[in-house]
Amino acid sequence: MKYDYGNLIDGVWQDTGQIFDTHNPARPAETVGRYAMADKAMVDRAVAAASRAAREWRRVTVAQRCDILGRYIDAIEAARGVLAAAITAEQGKTLKESLGEVAKACGESRYMMQHAMAETGSRHAASLRPGVRNLVVRRPRGVIVAITPWNFPVMTPMRKIAPALAFGNAIIVKASEFTPAAACLLGAIAADILPNGLVQILHGGPEIGNALVSHPGVQGVTFTGSVGTGKRIVAATASNLAEVSLELGGKNAAVIHDTDDLDACLDQVAQAAMMCSGQRCTAVSRVLVRRDLHAQVAAGLARRMAAMRLGDGSDPSTELGPMTHRAQLEHVRLSVDQARRDGAVVVTGGEPVRVPGCVDGYFYAPTLLDRVAPDSAAAREEIFGPVVSLISYETLDDALHLLNDVAYGLTAALFSNDARAIARFVDECETGMLHVNHGTVPDSHMPFGGIKASGVGAYSVGPGAAAFYTTEHSVYLGA
Ligand code: NAD
């Protein structure tokens, strides 16, 4: 067993009688970590410690806060090998992707730090009264709870920790019960550098998550995960009226309308679909293709997907890791079986795969589904695996209709050199993030979030995040 952690509360790792284990998804018989589940008393203690830490931290100037935060980010970067190994061991992605995840987390964190530095916290506004000066000021919100999923065990917690600290808050992270090792390592690094109580790590499932988000001492809840859990969190925060920022699922489309270089386009689409074995909220999971390009696109995507080498993420020759847990593998398997029953044709893949040396690993073959009916589940619901649904269309109007005719609105890509098609995509595509002529992998310094069922409240990363991590106040200064 590589990792053994309790709950980090006020600078001290605390155990309970209740433990849970994590497993390597490439070889599930291998136990990776053992963790102590938090209890309700720990939630109370963590919130009390966070309240005290937040009161002290908000008095530290933003320049000093960012100085300390900068040292924390530097230490995370220095530990990238250890963090990447922890991601791969529990989540399953390749070591190369895990290293990329840590680098991106540091890039986003530094950007948010610079952003907090640039934000003066107040601005002058016009007054209706002579001799009175008006100010609009922003203050730290207070105690933030972060609930994170299993697919980006470093990037998602850091996407919340860095802005929370830069803007003067304390944060309690409840990491996914499938991939807590990386969050514990982030907590251990924090314990060496930051004041106690500023970053705390609690373990548990829905019950502890619910106790945290509904706690009366919590002022903000930032959540990344599924739509169902997001709705339960909104309902739970009715009791404490905490501000919420939700980043939820997606059913992201790449629209291939016309292209000078189909190979380059398909390279990008295949990469955007298959990174992290499709377990990215921003993964391309639908390809909408103009009918005259359909045969070439189907053949080109199938060739790229079938050539991918599945294996243990820690093996340098691996291109695609396993599903992160057994229920996720089962969900992917059932989704593809349902698609077949709904009339889709499996061009490549379509079944779990045995990988030599990875006994009982949760591997699923990269799968291209063709002739997917637009009203079927494979066209509308998130599969969150290495599965692409191909749908053809005749006109740009048809493409835009298919693109927007889903509940989700996270990200999308258009491949086209037609100025009119690009303009209509930019104006009409109902997603938070829009890419023209490249895949759906976002930059580290651009607003990240979704609309419709893909998100609620402020985006993370970028200027909008201040609306979540701070509160706004109108000040009237009379003579
Ligand atoms: P999930 O919703 O099952 O769990 C996410 C987290 O919520 C976990 O830590 C879990 O323990 C916790 N949780 C569960 N029930 C809770 C409750 N009632 N109250 C409080 N916390 C609770 O999601 P998952 O399976 O871990 O992750 C996959 C999902 O996350 C996919 O839908 C994916 O699209 C989405 N996701 C979205 C983004 C984004 O930025 N939009 C990024 C990554 C993942």
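The values are calculated or read from the model by the stated rules, or taken from the named source; none is laboratory data. Since we're looking at a predicted model, the values are computed, not measured. Ideal geometry is used to build each Cβ from the backbone, glycine not excepted, and the neighbour counts take in all protein chains shown. Please note that ligands, DNA and RNA were not included when accessible areas were found on the heavy atoms of the full protein model with its side chains. Shrake-Rupley method; radii C 1.70, N 1.55, O 1.52, S 1.80 Å.
Structure notes:
- Isotropic mean projected area of the C-alpha convex hull, segment 216-309 (nm²): 8.2
- For segment 73-179, the Kirkwood hydrodynamic radius from C-alpha pairs, put into Stokes-Einstein at 10 °C and a viscosity of 1.306 mPa s, yields a diffusion coefficient of 101 µm² per second.
- Nonlocal amide H pairs with His435, under 5 Å, H built at 1.01 Å: Ala412, Ala413, Leu414
- Calculated from backbone phi, Karplus (6.51, -1.76, 1.60) coupling profile of segment 375-380 in Hz, x at Gly/Pro: 9, 8, 4, 5, 8, 10
- Entry for segment 263-331 at q = 0.23 Å⁻¹: log10 I(q)/I(0) = -1.09, Debye formula applied to identical alpha-carbon scatterers, no solvent contribution.
- Which of Ser317, Ala273, Leu241, positive extreme of dipole for segment 226-345 (C-beta unit charges): Leu241
- Loop-resident GluC sites (Glu not before Pro) (DSSP state other than H, G, I, E or B) in segment 378-425 with no more than 14 further Cβ atoms inside 10 Å of their Cβ: Glu394.
- The slack in the chain from Asn437 to Ser474, taken as 0.36 nm per residue of separation less the alpha-carbon distance, amounts to 9.0 nm.
- Pairs of alpha carbons in segment 139-200 whose separation is greater than 15 Å (percent): 44
- For the chain, averaging the sequence separation of C-alpha pairs within contact (under 8 Å, six or more residues apart) and dividing by the residue count gives a relative contact order of 18 percent.
- Of all accessible heavy-atom area on the chain, the percent that carbon and sulfur account for (1.4 Å): 53
- Rounded to whole Å, the principal axis extents of the Cα atoms in the chain read 72, 62, 39, largest first.
- Remark: segment 221-234, residue by residue, has Karplus-estimated 3J(HN,Hα) of 10, 10, 10, 10, x, 7, 4, x, 5, x, 5, 5, 5, 4 Hz, where x stands for each Gly or Pro and the curve is 6.51 cos²θ - 1.76 cosθ + 1.60 at θ = phi - 60°.
- Divided by 2.2 N^0.38 Å, where N counts the residues, the Cα radius of gyration of segment 1-154 comes to 1.38.
- Cβ-derived FRET efficiency at R0 41 Å, Trp13 paired with Asp67, nearest 0.05: 0.95
- Descending Cα extents along the principal axes, segment 362-448, whole Å: 40, 35, 23
- Cα long-axis angle, helix 419-428 against the chain (0 to 90 degrees, to the nearest 10): 50
- Helix 62-78 and the longest principal axis of the Cα set of the chain meet at an angle near 40°.
- Cα long-axis angle, helix 40-57 against the chain (0 to 90 degrees, to the nearest 10): 70
- The base-10 log of I(q)/I(0) for segment 1-89, evaluated at q = 0.11, 0.12, 0.26 Å⁻¹, reads -0.49, -0.57, -1.15 [Debye formula, identical scatterers on Cα atoms, solvent excluded].
- Cα gyration tensor of segment 211-254 - equivalent ellipsoid semi-axes, whole Å, descending: 24, 9, 7
- Comparing segment 145-289 with the 2.2 N^0.38 Å rule of thumb, its C-alpha radius of gyration ratio is 1.23 (two decimals).
- Beta bridges by DSSP in the chain, antiparallel share as percent, to the nearest 5: 45
- Partners for Lys104 among lysines (Cα-Cα distance below 19 Å; same-chain residues under 8 apart left out): Lys93, Lys96, Lys160
- Mean accessible surface per residue for segment 64-176, computed with a 1.4 Å probe while every protein chain stays in place, in Å²: 36
- Applied to segment 202-208, the Karplus parametrisation 6.51 cos²θ - 1.76 cosθ + 1.60 on θ = phi - 60° returns per-residue 3J(HN,Hα) values of 10, 10, x, x, x, 5, 5 Hz, with x for Gly and Pro.
- Placed amide H near Asn252: partners under 5 Å, 5+ positions off or other chain: Ser285, Arg286
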